[in-house]
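Worksheet for the structure shown next.
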Amino acid sequence: MESINTCAHSGLYESYATDRDGGNHAVQHFQEHDQAFAEETGAKGRIIRGAIRLFCERGYAATSVREIVAAAGVTKPVLYYYFESKEALLHYIIKQTMDYYRAKVYAIITDASLDAVEKLRAITRMYLENARRDPVLVRFVNSAIYSGMHAEVYDFTSNQKEIHRWLTAMFRQGQEEGLFRKDVASPAMAGHFLAMVNMTVGVSMHESLRLKNIPFEENLLKILLDGTRTEAAREEVVS
């Protein structure tokens with residue numbers, strides 16, 4: 001299997017150092033411990049966290065099962081109790097992470113109590129807060145996405161298409177609510193939003209690129225919404 005290793009800055013691996021204990025209206029779906037592997041504790045949790053760190057530091061192909069169990073403080077039989085192979089462990093990490101983000105986006109998109117702008121704010125914060133808190137996991141998953149191993153590890157293309165479809169419906173909702181302009185197609189708005197979020201997530205995880213004392217979420221939304229809100233909606237916010 002091709003090596004996966006684009007996860008530099010392993011010193012940022014703070015939130016996975018130890019086991020974990022198992023906002024406002026627009027971000028009500030986001031909780032401090034609501035993460036992809038928050039409920040994975042004990043030996044299984046240590047195996048997962050150790051594997052993520054090692055895969056990032058050394059690459060998937062260069063990491064041995066012996067190194068994973070040593071990092072987790074368990075024996076090989078314990079690892080094989082939870083995962084039949086190193087590849088199965090890799091697939092589990094990727095699938096759980098992608099399914100987590102997919103479920104979070106869907107929960108926000110389908111929340112009838114939020115208008116389209118509130119949904120944008122909740123989705124943006126969810127992605128960025130998770131990236132800041134678990135930068136190594138996010139780097140690892142992104143390295144898998146861009147490694148060319150899409151079909152072997154996870155169907156990333158179908159996942160992105162589905163999320164894009166949900167976001168398109170959200171932007172269409174905003175157009176119908178009079179919040180977003182109608183001269184730009186909702187699929188285009190959804191695509192640009194995804195691109196902006198992905199880039200901002202990348203920048204937010206790199207200290208050298210991060211702008212000091214600048215609220216990334218608010219800046220991203222301001223840039224986006226100034227180009228999508230109708231004039232009437234902008235005037236309403238100002239008033």
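Observations on the structure shown:
- FRET efficiency for the pair Thr41 and Gln160, taken as 1/(1 + (r/R0)^6) with r the Cβ-Cβ distance and R0 = 35 Å, rounds to 0.70.
- Once the C-beta distance of Asp226 and Ala112 is scaled by a Förster radius of 41 Å, the resulting FRET efficiency is 0.95 to the nearest 0.05.
- At most 14 other Cβ within 10 Å, DSSP loop - GluC sites (Glu not before Pro), the range 84-157: Glu84
- Taking 30 Å as the straight-line reach from the Cα of Lys44, the lysines in range (excluding those fewer than 8 positions away in the same chain) are Lys76, Lys86, Lys95, Lys104.
- Taking amide H as placed 1.01 Å from N in the peptide plane, the amide H of Phe180 sits under 5 Å from that of Gln175, Thr230, each at least 5 places away or on another chain.
- The Glu177 and Ala103 beta-carbon pair, evaluated with R₀ = 22 Å, returns a calculated FRET efficiency of approximately 0.35.
Any read-out appearing in this document is the output of simple, stated calculations on the displayed coordinates, not a laboratory observation. These numbers come from a predicted model, not from an experiment. Cβ coordinates were reconstructed from backbone atoms using ideal geometry, including for glycine residues, and neighbour counts include every protein chain displayed.
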